[in-house]
Amino acid sequence: MARPDEMTFVPLGGVGEIGMNLYVYGFGNGPQRRWLMVDLGVSFGDEEHLPGIDLIMPDVRFLEKEKKNLVGLVLTHAHEDHFGAIIDLWPKLKCPIYATKFSASLFAAKLASERNPPKIPVTVVPSGGRIDLGPFNVEFIPVAHSIPEAHALAIRTSVGTVVHTGDWKIDLTPIIGKPTDEARLRQLGDEGVLALIGDSTNAVREGQSPSEAEVAKNLAALMKAARGRVAVTTFASNVARLRAVAEAAQACGREVVLVGRAMERVVQVARETGYLDGIPAFRGADLYGHFPPDKVVALCTGSQGEPRAALSRIANDDHPQVTLNKGDCVIFSSRTIPGNERSVGGIINGLINQGIEVITDRTHMVHVSGHPRRDELREMISWVRPQLLIPVHGEALHLFEHGKLARACGVPKVLICKNGDLVRLGPGDSAVIEQLPSGRLYKDGSILEESKSRAVVERKKLSFAGAVFVAFAITDKGELVDDPEIDLAGIPEKNSGGEPIDDILFDAIVTTIEGLPKARKRDPDAMAESVRRTVRSVVQEHWGKKPLCYVHALTV
């Protein structure tokens, strides 16, 4: 008797972490199983732990092997943690992509800004539309979030319906776009929902996320009270916030100047798609200096302390066109993403030291989250009434708290999984049935590296303990032809007693070479390994750290 078709779910990124979202739904059995991808995003590198790494992406080797069974990639919205890996990873998969108009347009603009980008077609689906992809029927349900056209997905198969929330919140007064479609979600609950795969970002926060309308009101009041120049920094993709800044500026007779390429790109797409209708054209940074201080607002990139972004350059007095002076005001209409606290704090302190007023969400409501707090999670559960809830889009604590809340709301089953866990959703009891390959890829310059690649591993070590390079030539009898050459990188010049470390190493290397048995002296590789061990041991003795050591022994 043939096994019944199963509906399955596997996260390949986005579970146990915030960012790098990649969720995959399966239908069928064995080699006949078809796969549907939802989102393909990035996380951002951390200079402290991953020096030189710009982006982190999910490892898609499992999907590469299954690409003949891959029916498509559906995008919930156009934030980098949900679509930022497409340009790098799509060439490995070459599957159809489906998105609504704003997401498709922003992706096209991002693609156009790349050097020699691949041609990646995207099929535009209307908000509220439905598409058939193999055994899956996918419906795009509007939800409120901090970017236009965010959608939850109703994914239907013959086994049942899954609601994949994507990023969402309840906002009855969004500045742009539609509120979360409660009526449609309730209808799905009435029809019966097999599983709810839900955003857990704010599962530790009680209450309900405030509305974008409250932020807009506060921005207008702050701008009206300001006497000098005002700079506002926010996430470039938050078009509602850009519109709120523009309307506040218009109300008090200020011109808006755009500063930063990412901001320019989003504004262009927002105008093309109608989300900035009625807003006067923004001015370029080259016109900033032409306006009196009380007649200008600079809308800047750099809310996360990025060193090359506009605000960082302005704070360091390094921007060619935009300056701030004592008495001016900077509003951080954003939250600091964990890991960026030090760089953002450095900018804030630098601005304050220059006599510039800095306003953040710690003292004023100038930012609200685009994710649901606990009351909103309860609402979603009450609308959808799922048989099973799987928390995603969160670290371990967020997933645990979301699961605990769901149980308290009477959800019959909660399943907490990890990246790579293949979960059977139905028919029958839901459970983890297999572990699929998962992991991380690192964008290192223009190259994608595996997480265990030599370059990534060694750079971590280099950043902690530096390196020593040793080169010497020996005769066929193992005698030194000349003095060894030593070069230290990232290592103190002198020890705590004031002795030069390279002199100490020179003596230790010569002593090691001369003290080797004749057999080892005739083997350049064995000699190099002995010198390497000596160098690391001596540096540790005098510094307390073991550096990387590279030895080149040349026989002449």
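To the nearest 10 degrees, how steep is helix 182-191 against the longest Cα principal axis of the chain, on a 0 to 90 scale? The two axes meet at around 90 degrees. First obtain the Kirkwood hydrodynamic radius of segment 105-223 from its Cα pairs, then insert it into the Stokes-Einstein equation at 4 °C and 1.567 mPa s, and state the resulting D in µm² per second as a whole number. Translational diffusion coefficient: 78 µm²/s. Of the accessible area of segment 17-79, computed with a 1.4 Å probe over protein heavy atoms only, carbon and sulfur atoms account for 53 percent. The mean of 1/r over all pairs of different alpha-carbon atoms in segment 1-150, once inverted, gives a Kirkwood hydrodynamic radius of 16.2 Å. When the alpha carbon gyration tensor of segment 345-477 is reduced to an equivalent ellipsoid, its three semi-axes come out at 45, 32, 11 angstrom, largest first.
In plain terms, the C-alpha convex hull of segment 244-301 casts an average shadow of 3.8 nm² when viewed from every direction. In the chain, the longest principal axis of the Cα atoms and the axis of helix 239-251 are about 70 degrees apart. Binning the alpha carbon pair distances of segment 226-332 at 10 angstrom intervals from zero yields the distribution 16, 53, 29, 3, expressed in whole percent. Computed from the C-beta positions of A112 and E206 and an R0 of 41 Å, the FRET efficiency is 0.40 to the nearest 0.05. The relative contact order of the chain comes to 15 percent, based on Cα pairs under 8 Å that sit 6 or more residues apart.
Just subtract the alpha-carbon distance of N349 and E485 from 0.36 nm times their residue separation and send over the number in nm, one decimal. Residue separation times 0.36 nm, minus the Cα-Cα distance, leaves 44.5 nm.
Measuring nothing but protein heavy atoms, the accessible surface of segment 480-556 at 1.4 Å probe radius is 45 percent carbon and sulfur. Computed over segment 279-384, the quotient of the alpha carbon radius of gyration and 2.2 N^0.38 Å is 1.32. Distance between the 7 Å Cα→Cβ label points at D503 and E191: 8.2 nm. Taking the helices alone, the chain has a mean residue ellipticity at 222 nm of -9000 deg cm²/dmol, built from -39,500 (n - 2.57) per DSSP H run of at least 4 residues and averaged over all its residues.
Model label points for D429 and I447, set 7 angstrom from Cα along the Cα-to-Cβ axis, are 4.9 nm apart.
Computed over the chain, the Cα gyration tensor eigenvalues convert (square root of 5λ each) into semi-axes of 48, 36, 20 Å, ordered from largest to smallest.
Separation of the alpha carbons by more than 26 angstrom is noted, of K67/K413; K461/K494; K460/K494; K101/K169; K68/K119, for K67/K413. Residues of segment 134-173 with an amide N closer than 20 Å to a point placed 7 Å from the Cα of D277 along the Cα-to-Cβ direction: 142-145, 147-150, 173. Each part reduced to its alpha carbon centroid, segment 214-256 and segment 324-360 end up 16 Å apart.
Placing a pseudo-label 7 Å from each Cα along the Cα-to-Cβ vector at A473 and I120 gives an inter-label distance of 5.2 nm.
For segment 159-269, relative contact order (Cα pairs under 8 Å, six or more residues apart, normalised by length) works out to 27 percent.
Entry comment: accessible area of the chain is 44 Å² per residue, from protein heavy atoms only and a probe of 1.4 Å.
The values are calculated or read from the model by the stated rules, or taken from the named source; none is laboratory data. Just so it is clear, the structure is predicted and the values come from calculations on it, not from any experiment. Note: ideal-geometry Cβ built from the backbone for every residue, glycine included; neighbour counts use all protein chains shown. Keep in mind that these areas ignore ligands, DNA and RNA; they rest on the heavy atoms of the full protein, side chains included. Shrake-Rupley method; radii C 1.70, N 1.55, O 1.52, S 1.80 Å.
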